[in-house]
2 protein chains.
Amino acid sequence: MIRYKAIIAYDGTDFSGFQIQDNGRTVQEELERVLMKLSSGQEIKIHGSGRTDSGVHALGQVIHFDLPHARDPEKLRFALDTQSPCDINILSVTAVSDAFHSRFNPHHKTYRYHLTTSRAANPLTRRTSFHVPKLDAYDEMVAGANLLVGTHDFTGFTASGTTIEYKVRTITDVTVERKNEDEVVISFSGNGFLYKQVRNMVGTLIKIGSGKWPARRITEIIKAENRDLAGPTAPAHGLCLVEVIYRDDVSPE
Amino acid sequence: MIRYKAIIAYDGTDFSGFQIQDNGRTVQEELERVLMKLSSGQEIKIHGSGRTDSGVHALGQVIHFDLPHARDPEKLRFALDTQSPCDINILSVTAVSDAFHSRFNPHHKTYRYHLTTSRAANPLTRRTSFHVPKLDAYDEMVAGANLLVGTHDFTGFTASGTTIEYKVRTITDVTVERKNEDEVVISFSGNGFLYKQVRNMVGTLIKIGSGKWPARRITEIIKAENRDLAGPTAPAHGLCLVEVIYRDDVSPE
């Protein structure tokens with residue numbers, strides 16, 4: 001049995017998220033179907049670094065799976081890539097140690113949220129960027145973004161009713177960049193994110209960027225641990241999982 | 001009667017081109033339908049700076065149309081934009097002189113062609129960028145691109161069987177840019193382009209960039225005026241009309 005790690009990209013538009021579920025098309029299901037074809041009908045289970053929600057994109061999701069026999073990693077990548085549907089691509093495949101687990105090995109994730117700030121939307125990025133025509137308090141939004149950095153209890157930014165008890169997470173970096181004239185990209189890096197946390201942080205930053213709230217609202221939400229104080233959940237289509245970095249080396253022993 | 005000039009953007013994926021035709025959905029038809037609604041059922045014809053082919057995108061197509069009564073341009077833009085389908089956006093509307101004609105007034109156009117050069121395609125740009133994983137002779141491609149600049153008979157780069165007789169055009173600028181790690185953007189500016197000329201030039205540049213032909217092939221194709229010497233027509237989905245600039249001022253008299 002050989003374990004493989006793969007970096008994959010997908011357009012989340014037509015998926016009900018990464019993880020297999022009873023209803024709706026998922027990335028996991030599509031990839032497991034391709035792996036089964038490549039393995040003469042044997043079932044191969046894949047494990048992702050985490051779920052992504054319905055509509056969320058990925059340019060650097062990490063998965064792992066076990067194959068009964070060793071295969072050339074680049075030939076395997078090419079076969080998986082060409083047999084996957086056009087909204088999934090396989091960027092790299094490497095053989096890894098059996099000790100590697102895409103979800104349980106300590107890792108860092110980076111998400112990017114894309115905003116289009118022009119008066120009219122851009123039809124070419126409408127599936128990957130959220131249109132927010134008024135973002136006049138841009139500097140205040142940047143100040144708010146910086147207040148998210150650190151180790152905090154993020155209860156105020158997670159979906160209410162989540163079953164996870166421990167809600168302390170560390171955000172190592174938040175950057176807000178203006179790209180081109182009409183695009184703003186907010187990147188979040190950290191050791192883990194709660195359910196809908198990134199989209200709730202973005203929804204709150206948009207309120208601040210629109211001049212409705214001051215930057216210090218971020219600190220108030222963190223302190224109060226109250227979801228009702230945060231902004232609305234920003235839509236899924238602006239969000240993209242861009243990188244998963246593992247702390248330990250994952251090359252085969 | 002008041003004439004309006006509008007700058008519009010569209011995702012060409014689900015259109016059979018700009019211009020109305022018997023079969024297939026077109027940008028012109030969709031916009032004329034919206035204008036009719038906004039004009040209490042009166043038919044309003046729109047004129048574009050030129051056609052774009054089936055599948056070709058635009059971020060800066062220019063149209064004009066006449067309305068019986070004056071309207072506030074920004075309110076008109078907003079109404080057109082919000083009532084258009086999600087793959088068309090109206091970027092600006094201005095009142096112009098009756099002498100303005102989007103097609104016949106002398107103008108300059110810029111087209112951009114997007115290439116993705118990574119090993120695997122990018123699922124998020126698959127509708128707007130052509131995947132060419134091997135572009136090793138990049139410098140030779142840039143040299144070839146520069147040979148297109150100038151006033152030439154472009155017979156060798158137009159679709160055979162076109163009815164236009166005079167095929168001399170001036171290309172004022174061609175730039176090849178690497179963006180990010182895996183994206184190459186080729187921009188063409190000029191006073192007019194023949195049917196499929198840009199896509200045929202791109203198909204030829206890709207042959208050169210892949211190391212199959214030397215840069216001087218461009219000059220040979222121009223001299224021979226022979227379509228058979230040029231590369232295949234690059235696919236429509238990589239092409240975007242980004243700007244139309246008019247020589248004369250078009251503000252109302």
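The values are calculated or read from the model by the stated rules, or taken from the named source; none is laboratory data. Everything quoted here is computed from the prediction, not taken from an experiment. Virtual Cβ from ideal backbone geometry, glycine too; neighbours counted across all protein chains shown. These accessible areas exclude ligands, DNA and RNA; they are computed on the full protein's heavy atoms, side chains included. Shrake-Rupley method; radii C 1.70, N 1.55, O 1.52, S 1.80 Å.
Can you confirm whether residue B:175 is assigned to a loop (DSSP other than H, G, I, E, B), modelled with pLDDT of 95 or more and among the hydroxyl-bearing types (Ser, Thr, Tyr)? Step through it out loud before you land on a result.
On the way: assigned to a loop (DSSP other than H, G, I, E, B): no; modelled with pLDDT of 95 or more: yes; among the hydroxyl-bearing types (Ser, Thr, Tyr): yes.
No.
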* **Subset of the range A:73-94 [within 12 Å of residue A:63 (Cα to Cα) and aliphatic (A, V, I, L, M)]** => A:90, A:91, A:93
* Somewhere in the range A:93-113, is a residue within 13 Å of another protein chain (Cβ to nearest Cβ), over 30 Å from residue B:82 (Cα atoms) and modelled with pLDDT of 95 or more? -> yes
* Asked: Any residue in the range B:222-232 that is surrounded by fewer than 18 Cβ atoms within 10 Å (Cβ to Cβ) and within 30 Å of residue B:119 (Cβ to Cβ)?
  -> yes
* Structure fact -> Within the range A:1-45, the count of residues that are buried (at least 18 other Cβ atoms within 10 Å of the Cβ), assigned to a loop (DSSP other than H, G, I, E, B) and in contact (Cβ under 8 Å) with a residue 24 or more places away in the chain comes to 5
* Across the range B:160-170, what is the number of residues that are surrounded by 14 or more Cβ atoms within 10 Å (Cβ to Cβ) and closer than 18 Å to residue B:223 by Cα? -> 3
* Among A:116, A:128, A:158, which is the only one that is touching a residue at least 24 places away in the same chain (Cβ under 8 Å), in contact with a Leu (Cβ under 6 Å, 6 or more places away or on another chain) and within 13 Å of chain B (Cβ to nearest Cβ)? -> A:128
* Only residues in the range B:53-67 that are over 16 Å from residue B:197 (Cα atoms) and open to solvent by 10 Å² or more (accessible area, probe 1.4 Å) count as the first member; pair them with residues that are basic (Lys, Arg) and modelled with pLDDT under 95, Cβ under 7 angstrom, at least 6 apart or cross-chain, and list the lot. => none
* residue A:95 is checked against (1) open to solvent by less than 40 Å² (accessible area, probe 1.4 Å); (2) assigned by TED's automatic domain parsing to the domain that holds residue A:189; (3) over 22 Å from residue A:19 (Cα atoms) and fails just one. What number does that condition carry? -> (2)
* Can you tell me which residue in the range B:131-154 is surrounded by the most Cβ atoms within 10 Å (Cβ to Cβ), limited to those that are at pLDDT below 95 and away from every other protein chain (no Cβ under 14 Å)? -> B:135
* Confirm whether residue B:109 is open to solvent by less than 30 Å² (accessible area, probe 1.4 Å) and of a type in the set (D, E, K, R). => yes
* **Pairs with Cβ under 9 Å, 6+ apart, first in the range B:212-235 and among the polar types (S, T, N, Q), second open to solvent by 50 Å² or more (accessible area, probe 1.4 Å) and part of a loop (DSSP other than H, G, I, E, B)** => B:219/B:147; B:233/B:196
* Structure fact -> Those residues of the range B:171-191 which are at negative phi and open to solvent by 40 Å² or more (accessible area, probe 1.4 Å) amount to B:172, B:173, B:175, B:177, B:178, B:179, B:181, B:182, B:183, B:191
* Could we say that residue B:81 is within 11 Å of chain A (Cβ to nearest Cβ) and more than 20 Å from the chain's Cα centre (by Cα) here? -> yes
* Residue within the range A:137-155 that is assigned by TED's automatic domain parsing to the domain that holds residue A:213, over 19 Å from the mean Cα position of the chain (by Cα), of a type outside the set (D, E, K, R) and part of a loop (DSSP other than H, G, I, E, B) present -> yes
* To do: Kindly indicate which of A:104, A:65, A:100 is under 20 Å from residue A:33 (Cα atoms) and among the aromatic types (Phe, Trp, Tyr).
  => A:65
